[in-house]
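Coordinate-derived values only; no laboratory data. Note that the structure is predicted; figures quoted are calculated from it, not measured. Counting neighbours? That spans all protein chains shown, and the Cβs are built from the backbone with ideal geometry, glycine included.
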Amino acid sequence: MPQHNNSSSDPATYDVIVIGAGQGGGPLAGALARAGRSVALVERKHVGGTCVNEGCTPTKTMIASARVAHLARRAADYGVDTGEVSVDLERVRARKREIVESFRSGSRNAVEGTEGLDLVEGEAAFVDPHTVEVAFHDGPPRRLSAERFVINTGERPFIPPIDGLDEIDYLTSTSIMELDIVPDHLIVLGGGYIGLEFGQMFRRFGSDVTLIERADQILSREDADVAETLTEILQDDGIRVLTSTNLDSTEKRADGTLTACLEGPDAPKRLRGTHLLVAVGRRPNTEALNLDAAGVDTDDRGYVRVNDHLETSADHIAAIGDVKGGPAFTHISYDDYRIVRDNWLEDAGRSIEGRLVPYTLFTDPQLGRVGLSEDQAIEQGRDVLVAKMPMTHVARALEVDETRGLMKAVVDRDTGRVLGAAILGIEGGEIMSVLQMAMMGGVTAEDIRSSAFAHPTYTESLNNLFSNLEEPEAVTA
């Protein structure tokens, strides 16, 4: 392995340097090292990236606690008597921390146990196309050089320029998970995936929740009927949803609470809350990389530009995961790793062209999505039919008393193939994955309609879903 020298003028040399130990960068560094390459993995904070440390792992762990509280309050619906339900947020947080530490340690052990792979804990910045300088919390910086680089530095919460925001202790998707008390009134700015998951979670923990979204619907990229149905579900849970509403400014009150000054057709001018979660999007971690020195182009928001093979404008540098823009999902980052691995080790010529992008929003019920929505299909000029069915028509959902939501699929009229699906219902992500497999295998809507699925399962309801093929609403309206 390279001999490290503390002098920044005498860099250690590797075959590959991976910047960022996320769910793409860590596995890629390990795969390259096991293939005989000398690899440095540079990480400024935590091995495992956003998913393990601030994203999927902790949020879904806390959502599980919130669902238990919700079911406990509904126990009488199932003929079960319980006492008063309360939530100990310190214990919820402790459970979350234990699971995060377990996953983080597993990721770190995998890196440290790989021969040929050096973990370098610091922040990297390019000084020329083949050299980075790594700054450490203590000690002098160190320079490392390599023939090839991979950028996997991810994203962080975007904080919009709102008057008075800097004067209050607002929360982000990271800091809200460290609360040890349940907020009396949580105001959530943003009606996307992050805002909806945390809003419902804390409502179930016991907070009053007001959700503010500037667009005319939550989940602005989804079909209106899907967004409207989820809005109704959140309102049924007791969440106040204000769409077409802007947060103009905030004020800190003498008692430590805050006032949000709003503008919208159904919004109060001034809304008092105890906590504010800012969840309006994310921004790439590229400012500190000094990408100009490496010849790597970014777009106007700072995301690294890549082609379909995940190559940047510098042909020896690839970018994977959220930092390149596009779908910001862990499974996409992991698939990016596989594409770069196969192309670099086997010259496989793999690309992201035509890749299906499934995802699941972990509200309760879940929203599982894959492929084209109805709106997207119509915008592309596709000749389609639409299958749609409420979850109240799903026998298994009735048996478990989880009937909120709907199933929806878009089908090519000529071929009968499924082009996309949205499953807003209990285990929506799992049901969506069945349809993803059908899409990958070219299974038609008729094949699904006439197949024998195990009874009684949620998937069995796909028989009935695809018996309801109709003209798209965008055409018939």
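Observations
- Neighbour-count order for Arg413, Arg341, Arg93, fewest beta carbons within 10 angstrom listed first: Arg413, Arg93, Arg341
- Note, ³J(HN,Hα) from phi for segment 151-163, Karplus 6.51, -1.76, 1.60, rounded to Hz, x at Gly and Pro: 9, 9, 8, x, 10, 9, x, 8, 10, x, x, 10, 4
- For segment 100-159, a Kirkwood radius taken over Cα pairs fed into Stokes-Einstein (20 °C, viscosity 1.002 mPa s) yields D = 155 µm²/s.
- Residue exposure sequence - Glu213, Glu98 - by fewest surrounding Cβ within 10 Å: Glu98, Glu213
- Calculated on alpha-carbon atoms, Rg and Dmax of segment 408-477 in Å: 11.9, 37
- Residues whose amide H falls under 5 Å from that of Val384, counting only those 5 or more places apart or on a different chain, are Arg413, with hydrogens built in the peptide plane.
- A simple count of charges around Pro11, restricted to other residues whose Cβ falls under 14 Å of its Cβ and scoring Lys, Arg +1 and Asp, Glu -1, yields -4.
- Sites Asp447 and Asp401, calculated FRET efficiency, Cβ-Cβ separation with R0 25 Å, nearest 0.05: 0.20
- Within-12-Å neighbourhood charge of Glu197 [Cβ basis; K, R +1; D, E -1]: +3
- Close amide-amide hydrogen proximity is noted between Ser249 and Cys261, each under 5 Å apart and 5 or more residues distant or on a separate chain (H modeled in the peptide plane; Pro and chain starts excluded).
- Angle between the chain longest axis and helix 330-346 axis [Cα atoms, degrees, rounded to 10]: 40 degrees
- Calculated FRET value between Glu115 and Arg338, using beta carbons and R₀ = 22 Å, to 0.05: 0.55
- Here's how it looks for Val150: its modeled amide H is under 5 Å from those of Ile17, Val18, Ile19, Ala318, which are all 5 or more places away or on a different chain.
- Taken over the alpha carbons of segment 165-280 as equal point scatterers, the Debye sum produces base-10 log I(q)/I(0) values at 0.11, 0.14, 0.17 Å⁻¹ of -0.31, -0.52, -0.77.
- Residues Asp364, Asp315, sorted so that the one with the fewest Cβ neighbours within 10 Å comes first: Asp315, Asp364
- The charge dipole of segment 359-470, taken about its Cα centre with unit charges on the Cβ of Lys, Arg, Asp and Glu (plus for the first two, minus for the last two), comes to roughly 80 debye.
- All Cα pairs of segment 359-470, percent lying beyond 23 Å: 20 percent
- The slack in the chain from Glu473 to Arg74, taken as 0.36 nm per residue of separation less the alpha-carbon distance, amounts to 140.1 nm.
- Note on Lys252: aspartates and glutamates with a C-alpha under 13 Å away, same-chain residues under 8 apart excluded, are Asp163, Asp166, Glu167, Asp169.
- In the chain, the calculated helix contribution to ellipticity at 222 nm averages -8500 deg cm²/dmol per residue, counting -39,500 (n - 2.57) for every DSSP H run with n ≥ 4.
- Under 23 Å from Lys60, Cα to Cα: lysines that are on another chain or at least 8 residues apart: Lys45, Lys96
- Phi angles of segment 407-414 translate, via the Karplus equation with coefficients 6.51, -1.76, 1.60 and θ = phi - 60°, into HN-Hα couplings of 10, 8, 9, 10, 10, 5, 5, 6 Hz per residue; Gly and Pro are given as x.
- Each Lys and Arg Cβ is given +1 and each Asp and Glu Cβ -1; about its Cα centre, the chain then shows a dipole of about 780 debye.
- Hypothetical label at Glu263: residues of segment 210-247 whose amide nitrogen lies under 14 Å (7 Å Cα-Cβ projection): 214-215, 244-247
- Label positions at Asn246 and Met440, each projected 7 Å from the Cα along the C-beta direction, are separated by 4.5 nm.
- Under 11 Å, Cβ to Cβ, from His46 - net charge with Lys/Arg +1 and Asp/Glu -1: 0
- Projecting label points 7 angstrom from Cα along Cα→Cβ for Thr82 and Leu345 puts them 4.6 nm apart.
- Angle in degrees between helix 193-205 and the longest Cα principal axis of the chain, rounded to the nearest 10: 60 degrees
- Dipole axis of segment 347-477 (+1 Lys, Arg; -1 Asp, Glu on Cβ), positive-most option in Val400, Ile352, Thr457: Ile352
- Stokes-Einstein D for the chain, Kirkwood Rh over Cα pairs, 25 °C, 0.890 mPa s (µm²/s): 100 µm²/s
- A crude spin-label estimate for the pair Val357 and Asp138, with each label 7 Å from Cα along the Cβ direction, gives 4.4 nm.
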